[in-house]
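Participant: Here it is: the structure, laid out below.
The values are calculated or read from the model by the stated rules, or taken from the named source; none is laboratory data. Quantities reported herein were computed from a predicted structural model and do not represent experimental measurements. Here the Cβ positions follow ideal geometry from the backbone for every residue, glycine too, while neighbour counts run over all protein chains shown.
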Amino acid sequence: MPIYIHHNKEVILPDIVGKKYSEARDILKSKGFKIIVEEKKSDDIVPPDIVLIQNPRPNSVVRKGRRVYVTLSTIANTAVVPSLIGNSEREAEIKINNSGLNIGLIERDFSSFYPEGVVINQSPLSGTKARKGELVNITVSLGKFPDEIIVPDIEGKNLEIAKDEIRKAGLKIGKIYHIVKNDLLPNTILGMGFNNEPISSGTPLKPGDSLDIIVSEIDTSLVNADSAIF
């Protein structure tokens with residue numbers, strides 16, 4: 001009795017590279033193929049859900065009904081840093097967030113050109129590619145250079161809050177000294193200094209002068225000793 005061997009029909013595999021996944025799936029299904037998403041890759045240019053690679057290759061002669069493995073594009077993990085100079089501080093923050101980035105350090109400095117509250121510098125520069133979530137630092141104008149700066153009242157405040165107030169006033173952060181004060185929270189401002197001399201709030205300084213600050217810290221040996229008791 002003769003033996004018959006049936007071979008699956010061989011056909012040319014359609015080219016689906018560059019097509020949206022839904023369209024590629026329908027094309028392959030109509031030709032008797034099954035599409036399998038093997039991998040997804042982020043791409044800065046190609047929109048999401050586009051076929052980047054297919055295996056077997058386009059126009060290959062293959063058996064009808066076989067599986068076709070594809071690599072699809074997905075949303076890129078990079079962002080382009082927007083142009084921020086000349087924008088208000090609030091506008092800059094919105095642009096940064098809308099780009100998938102985060103606001104970083106906000107410095108403040110005087111400017112003879114930009115009015116108060118306007119961004120005068122940024123890092124990274126506009127047009128730079130950055131990973132999403134990366135920090136963008138900006139410098140905001142304090143307006144024109146004044147004749148003198150009044151030292152702000154920061155005693156008793158937290159170090160980070162005090163730093164921000166010093167920068168907003170148009171002064172720079174000088175040296176930071178630590179004194180053990182177990183009855184205070186760490187990094188509480190105890191006093192200020194200028195040119196190695198004590199200074200109080202309300203004292204006039206020149207724009208850009210550096211203000212030294214004294215902050216509290218906890219004696220860790222006492223903390224460890226107390227912890228050992230319990």
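Participant: Out of the residues in segment 191-218 that are in contact with a helix residue (DSSP H, G or I) (Cβ under 7 Å, 6 or more places away or on another chain) and among the β-branched types (Val, Ile, Thr), state the one that is nearest to residue 142 (Cα to Cα).
Facilitator: 213
Participant: Inside segment 129-176, can you point out the residues that are of a type in the set (A, V, I, L, M, F, W, C), exposed (fewer than 14 other Cβ atoms within 10 Å of the Cβ) and assigned to a helix (DSSP H, G or I)?
Facilitator: Listed by number, the list holds a single entry, 161.
Participant: Taking segment 60-84 as the search range and keeping residues that are over 19 Å from residue 18 (Cα atoms) and modelled with pLDDT under 85, which one is surrounded by the most Cβ atoms within 10 Å (Cβ to Cβ)?
Facilitator: 78
Participant: Here is a follow-up. Residue under question is residue 70, and the condition is that it be in contact with a strand residue (DSSP E or B) (Cβ under 9 Å, 6 or more places away or on another chain), assigned to a loop (DSSP other than H, G, I, E, B) and β-branched (Val, Ile, Thr); does it hold?
Facilitator: When the stated conditions are applied, residue 70 does not pass them.
Participant: Separate question: So in segment 194-230, with the set limited to residues that are among the aliphatic types (A, V, I, L, M) and at pLDDT below 85, which one is farthest from the chain's Cα centre (by Cα)?
Facilitator: Taking the candidates together, the pick is 229.
Participant: Yes or no: residue 179 touching an Asp or Glu at 6+ places or on another chain (Cβ under 8 Å), outside any loop (DSSP other than H, G, I, E, B) and among the hydrophobic types (A, V, I, L, M, F, W, C)?
Facilitator: yes
Participant: Now for a different question. Confirm whether residue 126 is small (Gly, Ala, Ser) and surrounded by 14 or more Cβ atoms within 10 Å (Cβ to Cβ).
Facilitator: It is false that residue 126 is small (Gly, Ala, Ser) and surrounded by 14 or more Cβ atoms within 10 Å (Cβ to Cβ).
Participant: Taking residue 92 as meeting all but one of (1) surrounded by fewer than 16 Cβ atoms within 10 Å (Cβ to Cβ); (2) outside the structural domain of residue 33 (by TED's automatic domain parsing); (3) of a type in the set (Gly, Ala, Ser), write down the number of the exception.
Facilitator: Failing condition for residue 92: (1).
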